[in-house]
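Below is one structure, written out as structure tokens, with a few remarks after it.
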Amino acid sequence: KKDTLEYNAAAFRVGSNDMLEDLLKKMPGMEVGADGTVKVNGEPVDKITVGGKTFFFNDPSMAVKNLPAKIVDKIRVIDKQKDEAAFSGVATNADKEKVMDVLLKEEYKEGWFGNAKVLGGASFGDKSDNTLGGQPDALFNTNAMLSGYNESDQLTLIGNAKNANEPSSVIFKIYSDF
């Protein structure tokens, strides 16, 4: 459709635990990197939106790693002008961007979803020092994401934790669009 490429997600089989990343890998012309970057026909996607709205801090890798594939109805890839160029009316080739808009199934247009991952460690070695069983790296690595949304509002909570022995290893972000 002129400047828009549209995929019907129902045409691709996904598992109940698959994320958007898994769905995109099954679509022709789509490539998903290990870091969550997306390319369509060899061109990088600059932004991923959900229902035309910014989602996941305008970070495409957050969307592909955390959005469940089973709630996706259609995916549109649009070549458009960046917001600044559209506003000013002056555009060059550098002012174009590729936007992937993920359209949700009707029953998922409002609600909550999330995921969590917990890794572990083990206690081995000499316990006479003050590390966890003599192994300073044998600690937990956790991730969690929770998102609630409706037609007009969005709230996303993202938390990470790494090794308790490393300074500044805990990250917690809140994104709200109320």
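We did not get these values from a lab; they are worked out from the coordinates using the rules stated. Not measured: the values here are computed from a predicted model. All Cβ positions, glycine included, derive from the backbone under ideal geometry; neighbour counts span all protein chains shown.
Structure summary
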item: Length added when fully stretched, D73-N17, from 0.36 nm per residue minus Cα-Cα; result: 18.5 nm
item: ³J(HN,Hα) computed for each position of the stretch 62-74 - Karplus, 6.51 cos²θ - 1.76 cosθ + 1.60, integer Hz, glycine/proline x; result: 5, 5, 5, 8, 10, 8, x, 5, 5, 8, 7, 9, 9
item: Cross-link table K2/K39; K109/K162; K80/K117; K2/K70; K96/K162; K39/K162, entries beyond 26 Å C-alpha to C-alpha; result: K109/K162; K80/K117; K2/K70; K96/K162; K39/K162
item: Under 5 Å, built H, 5+ apart or other chain: amide partners of V50; result: F55, V102
item: Karplus-derived HN-Hα couplings along the stretch 105-110 (A = 6.51, B = -1.76, C = 1.60, θ = phi - 60°), whole Hz, x at Gly and Pro; result: 4, 3, 6, 10, 6, 8
item: Peptide ranges 62-75, 41-54, 14-27 listed from the most packed, as the mean C-beta count within 10 angstrom indicates; result: 62-75, 14-27, 41-54
item: Gained length - A34 relative to V118, 0.36 nm times residue gap less alpha-carbon distance; result: 28.3 nm
